[in-house]
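Student: Pasting in a structure now, in structure tokens, and then I'll have a few things to ask.
Every number in this text was worked out from the coordinates using simple rules, so none of it is lab data. Everything numeric here is computed off the predicted structure, so don't read it as measured data. Cβ coordinates were reconstructed from backbone atoms using ideal geometry, including for glycine residues, and neighbour counts include every protein chain displayed.
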Amino acid sequence: MKVSVIWSSPNESGLTNSAAKQFMNGLVKAGVEVNEIWLNRKKIQHCVACGDGWGNCRKTGECVLPDDFMSIYRDLQDSDGIVFVSAVYWSDMTECMKSFIDRLRRSEATKNHFLDGKRCVLVACAGGTGRGTLECLHQLEQALTHMGMRAYDRIPVVRYNSEYMLPMLEKAGEVYADKLANGFDMYY
């Protein structure tokens, strides 16, 4: 089994990185192959709404921009599960994650539907007050819903709760691996 953990923060040693690592530790502990995708180290351009506003992505399901998007998209298609981890900026996901999600939604929701039905975990990490984590998780889930993906869990991590939430994320990774292998007891 393979799970892609796609995370975004420019800070290599911050809260978001720690959260992603803890979740990945749980997945590895459960025997899952982990595909780590650090978006800030990838070249991801923003959508240019080419053509008539829908462009090639609507017609063929592929983006024409020459960057890392299509490679990451293929990785997600080959994954049994996907974990999205984002730092929170102004009650939303990072700009890098938004650019990626916007392009993914155009290719996925209008043509391909390769990710339809995938169960995901969403993690939002805020180093400030933490007030924006729930809004960020909501925005992420809305985008995934357009593509037919489902959030299995939504986890807010803030500076205040990081002492107990970071260790919990390792256990969350183990549980997620078990649910992917043995089924979810949730109705969607």
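Student: With charges only on Cβ, +1 for K and R and -1 for D and E, what is the dipole size of segment 41-170 about its Cα centre, in debye, rounded to 20?
Tutor: With only Lys, Arg, Asp and Glu charged at Cβ, the dipole is about 220 debye.
Student: Checking understanding here: applying a Kyte-Doolittle mean of at least -1.0 and a length along the axis of at least 27 Å (C-alpha), which whole DSSP H helices in the chain pass?
Tutor: Once both thresholds are applied, what remains is 162-182.
Student: Provide the FRET efficiency to the nearest 0.05 for the E163-D80 pair, computing r from the beta carbons and using R0 = 22 Å.
Tutor: 0.10
Student: Whole-Hz Karplus ³J(HN,Hα) for segment 45-51, in order, using 6.51 cos²θ - 1.76 cosθ + 1.60 and θ = phi - 60°, x for Gly and Pro?
Tutor: Listing the rounded values in order: 7, 7, 4, 9, 6, 5, x Hz.
Student: A 23 angstrom limit on the alpha carbon distance is what I want to check against. Which of K98/K171; K98/K179; K2/K29; K42/K171 exceed it?
Tutor: K98/K171; K98/K179; K42/K171
Student: Okay, helix-only estimate at 222 nm for the chain: each DSSP H run of n ≥ 4 adds -39500 (n - 2.57), divide by all residues, round to 500 deg cm²/dmol; what do you get?
Tutor: -13000 deg cm²/dmol
Student: If I take every Cα pair under 8 Å that is 6 or more residues apart in segment 40-188, average their sequence separation and divide by the length, what percent do I get for the relative contact order?
Tutor: 22
Student: Using the Cα centre as the reference, give the magnitude of the dipole from point charges on the C-beta atoms of segment 22-107 (Lys, Arg: +1; Asp, Glu: -1; all else neutral), rounded to the nearest 20 debye.
Tutor: In total the dipole reaches around 140 debye.
Student: Still on this structure: Between K59 and D116, what is the spin-label point distance in nm, taking each point 7 Å from the Cα along the Cα→C-beta axis?
Tutor: 2.3
Student: Pick from A172, A49, A20: which residue has the top mean-square fluctuation in a GNM of the chain where Cα pairs under 10 Å get a spring?
Tutor: Checking each option, the largest mean-square fluctuation is seen for A49.
Student: How do the peptides 173-181, 26-34 rank, highest first, by the average count of neighbouring beta carbon atoms within 10 Å per residue?
Tutor: In descending order of packing, they fall as 173-181, 26-34.
Student: About the Cα centre of segment 89-163, how large is the charge dipole given +1 on each Lys and Arg Cβ and -1 on each Asp and Glu Cβ? Please answer in debye to the nearest 20.
Tutor: Rounded to the nearest 20 debye, it is 200 debye.
Student: Rank-order 141-154, 102-115 by packing density, defined as the average count of other C-beta atoms within 10 Å over each peptide's residues, highest first.
Tutor: Top of the packing list down: 102-115, 141-154.
Student: K171 label point, 7 Å along Cα→Cβ, cut-off 19 Å on backbone N: hits in segment 109-139?
Tutor: 121-124
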